[in-house]
Amino acid sequence: MFVKQSALLCNQLSQPALIEDYQRHQYLTLMSSTVSEEDQEELEWPLLLVAKELQTLLLAKGIHWEIPLFERSVTLKKRNGRHERHWKLLLPIPVTATWELYELAVKNSLLRKKDCLVVQIRFERLVFQRYISMMHFGDYRQIPVSLEQMLRFAHDGQIPVSETWYEKYLNDREDCLLEELETEIRLLVG
């Protein structure tokens, strides 16, 4: 029932599929400071500031790394009878980036610009293990439609899912039309 993770497979998905992925992924992360969705760009710049410092530190070690597009995780929590969305931005970093390099990148970033958001950036290692994956094509505001399709797939297959999903943006909204946007959605199993 599980499918091994492969880049080719993920790029061809248009229907939900159950994926098994035991690779370790590393991220710089920044949680939303409120339950409402803030302007994402306000959270992007401190991550980019630290990522640029990390890029410089890695280059000094002979490791070339291009800063990728952001990802986002969203968790639905029920509080006081209402569903609230909590989300965080994730910026994938190479596995060659160490905790020490992360700390130095944050320290150097704070020397350039003192900001409370920079000190809230975290270094996280994630192993997704099992998740339902689906490609979403088009406007990000329509992702809930694809998510509903994934939830039906989970329900029909009696697959327990968590309240957290990940959105991996495969192209940039500034470089293409809304209908050309591609997003991989990962709904965690468990």
**Complete:** Within the range 99-142, residues touching a strand residue (DSSP E or B) at 6+ places or on another chain (Cβ under 9 Å) and of a type in the set (Ser, Thr, Tyr) come out as TYR102, TYR131, SER133, TYR140
**In the range 29-78, the residues that are modelled with pLDDT of 90 or more and of a type in the set (Phe, Trp, Tyr)** = TRP65, PHE70
**Item:** Filter pass, GLU66 being touching a residue at least 24 places away in the same chain (Cβ under 8 Å) and either acidic (Asp, Glu) or not assigned by TED's automatic domain parsing to the domain that holds TRP45 (or both)
**Value:** no
**Asked** in a loop (DSSP other than H, G, I, E, B), of a type outside the set (Gly, Ala, Ser), surrounded by 13 or more Cβ atoms within 10 Å (Cβ to Cβ) and under 20 Å from the mean Cα position of the chain (by Cα), is that true of TRP87?
**Response** no
**Fill in**
Within the range 90-115, the count of residues that are surrounded by fewer than 11 Cβ atoms within 10 Å (Cβ to Cβ) and more than 20 Å from the chain's Cα centre (by Cα) comes to 3
**Request:** List every residue pair whose Cβ atoms lie under 9 Å apart, where the two residues are 6 or more positions apart in sequence or sit on different chains, the first residue falls within the range 87-108 and is closer than 20 Å to LEU170 by Cα and assigned by TED's automatic domain parsing to the domain that holds GLU41, and the second residue, located anywhere, is in a helix (DSSP H, G or I) and of a type in the set (Phe, Trp, Tyr).
**Result:** ILE93/TYR102
**Fill in**
Considering the range 109-158, residues that are touching a residue at least 24 places away in the same chain (Cβ under 8 Å) and of a type in the set (S, T, N, Q), and then whichever is nearest to ILE185 (Cα to Cα), we arrive at SER133
**Request:** Could you tell me which residue of the range 70-84 is farthest from LYS52 (Cα to Cα), considering only residues that are under 15 Å from the mean Cα position of the chain (by Cα) and of a type outside the set (Lys, Arg)?
**Result:** THR75
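The values are calculated or read from the model by the stated rules, or taken from the named source; none is laboratory data. None of the values given here were measured: they were computed from a predicted structure. Please note: Cβ atoms are built from the backbone with ideal geometry, for glycine as well, and neighbour counts cover all protein chains shown.
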